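The values are calculated or read from the model by the stated rules, or taken from the named source; none is laboratory data. What you see is a predicted model; the values in this text were computed from it and never measured. No Cβ is skipped: glycine too gets one built from the backbone with ideal geometry, and neighbour counts run over all protein chains shown.
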Amino acid sequence: MSTPPELARPPAGSADPVSARAAWSGLAALTDLVGKTFAIADMEVRKLRHDPTELLTRAVQPALWLLLFGQVISRGNIVPTGGLAYLDFLVPGILAQSVLFVAIFNGISIIWERDLGIVHKFLASPTPRAAFVLGKAVGSGVRALAQALVVVALAVLLHVRVHWDPLALLGVVLLILLGAAVFSTFSLIIACLVKTRERFMGIGQVLTMPLFFASNAIYPTSMMPGWLRVVSHLNPLTYLVDGLRTLLLAGAGPSVVGLSTDFAVLAATLVALVVVSARLYPNIVR
């Protein structure tokens with residue numbers, strides 16, 4: 001995607017030509033990055049349109065967690081949930097789990113693309129490496145949103161008290177996009193390091209369950225031993241679950257760590273991972 005001519009040069013008659021030229025160059029670079037990011041994201045979303053059965057197969061696991069695990073544990077009253085029904089408490093955790101599982105295996109796509117020669121063509125283009133990483137992250141976020149619709153629909157059928165406030169739902173969408181972007185970018189780093197499908201799948205399967213169980217997805221952090229509580233505070237999934245639980249559930253009460261903290265931790269983690277992933281991206285072909 002080429003930079004529009006009106007963004008390629010500063011307007012005539014600027015009082016400070018040097019600073020105006022620098023500002024305009026920065027704006028042109030940002031516009032170029034955004035445009036190419038969404039071009040890559042569009043390519044990722046088209047894959048989903050070509051194989052919509054993926055959504056159905058991915059819906060099986062959250063359905064099992066809610067219909068079987070959630071129903072059984074809610075009858076035992078063994079998990080302190082602060083006045084929430086356990087099934088209500090569980091829904092945001094399973095939603096975050098769905099986001100994690102969709103995103104953490106997104107990195108395998110870059111290995112397929114390398115084997116097909118697509119990555120070589122990307123690297124030969126003038127597209128910024130960050131655009132490839134962010135485009136994959138946005139595409140993963142769209143997949144996660146589609147998965148979220150399934151989880152929320154199941155929650156409604158199970159009479160979970162969902163908070164339907166538009167601003168709260170917008171916050172849920174933003175959290176899902178952020179969370180998917182974080183774990184998608186993390187998976188790209190793993191793919192760039194291991195470089196083979198077999199190793200990637202093995203490492204991905206090893207990481208997903210510890211991330212899930214070392215979070216507040218299915219039980220509050222107050223139940224954890226001290227060492228695990230420390231690990232949970234370092235786990236981005238904990239902040240994703242906390243934000244989703246606060247915004248999605250009616251009567252959930254205030255966030256444990258604060259919504260601003262949830263968003264800030266996920267955003268800061270994403271920035272750090274994008275920087276690392278953009279640097280490692282060319283290594284996939286070496």
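For region 98-118, residues that are under 15 Å from residue 285 (Cα atoms) and in a loop (DSSP other than H, G, I, E, B) total 3. The criterion of at least 2 residues that are in contact with a Gly (Cβ under 7 Å, 6 or more places away or on another chain) and of a type in the set (Gly, Ala, Ser) is met, among helices (runs of 4 or more DSSP H) falling completely within region 119-217, by 166-194.
For region 262-272, a residue qualifies if it is among the β-branched types (Val, Ile, Thr), out of contact with any Phe, Trp or Tyr (no Cβ under 7 Å at 6 or more places or on another chain) and surrounded by 14 or more Cβ atoms within 10 Å (Cβ to Cβ), and exactly one does: 269. Tallying residues that are farther than 23 Å from residue 270 by Cβ, free of Cβ contacts under 8 Å to residues at least 60 places away in the same chain and not charged (D, E, K, R) within region 113-140 yields 6. Of the residues contained in region 73-84, one or more are found to be in a loop (DSSP other than H, G, I, E, B), on the phi < 0 side of the Ramachandran plot, of a type in the set (Ser, Thr, Tyr) and at pLDDT 75 or above. Within region 204-253, being within 18 Å of the chain's Cα centre (by Cα) and aliphatic (A, V, I, L, M) holds for 207, 209, 211, 214, 217, 234, 237, 240, 241, 244, 247, 248. For residue 130, the criteria (1) modelled with pLDDT under 90; (2) buried (at least 19 other Cβ atoms within 10 Å of the Cβ) hold in every case but one, which is (2). Checked against the criterion of being charged (D, E, K, R), within 17 Å of residue 86 (Cβ to Cβ) and in contact with a helix residue (DSSP H, G or I) (Cβ under 6 Å, 6 or more places away or on another chain), the candidates 197, 245 yield just one match: 245.
Residue 279 fulfils the conditions (1) farther than 18 Å from residue 140 by Cα; (2) at pLDDT 95 or above; (3) not hydrophobic (A, V, I, L, M, F, W, C) except for a single criterion, (2). Selection of region 215-242 for residues being in contact with a helix residue (DSSP H, G or I) (Cβ under 7 Å, 6 or more places away or on another chain) and free of Cβ contacts under 8 Å to residues at least 60 places away in the same chain yields 221, 224, 229, 232, 235, 236, 238, 239, 242. Among (1) farther than 30 Å from residue 273 by Cβ; (2) part of a helix (DSSP H, G or I); (3) free of Cβ contacts under 8 Å to residues at least 12 places away in the same chain, there is one condition residue 87 misses while meeting the rest; what is its number? All conditions are met except number (3).
Once region 174-207 is narrowed to residues that are charged (D, E, K, R) and free of Cβ contacts under 8 Å to residues at least 60 places away in the same chain, the residue that is surrounded by the fewest Cβ atoms within 10 Å (Cβ to Cβ) is 198.
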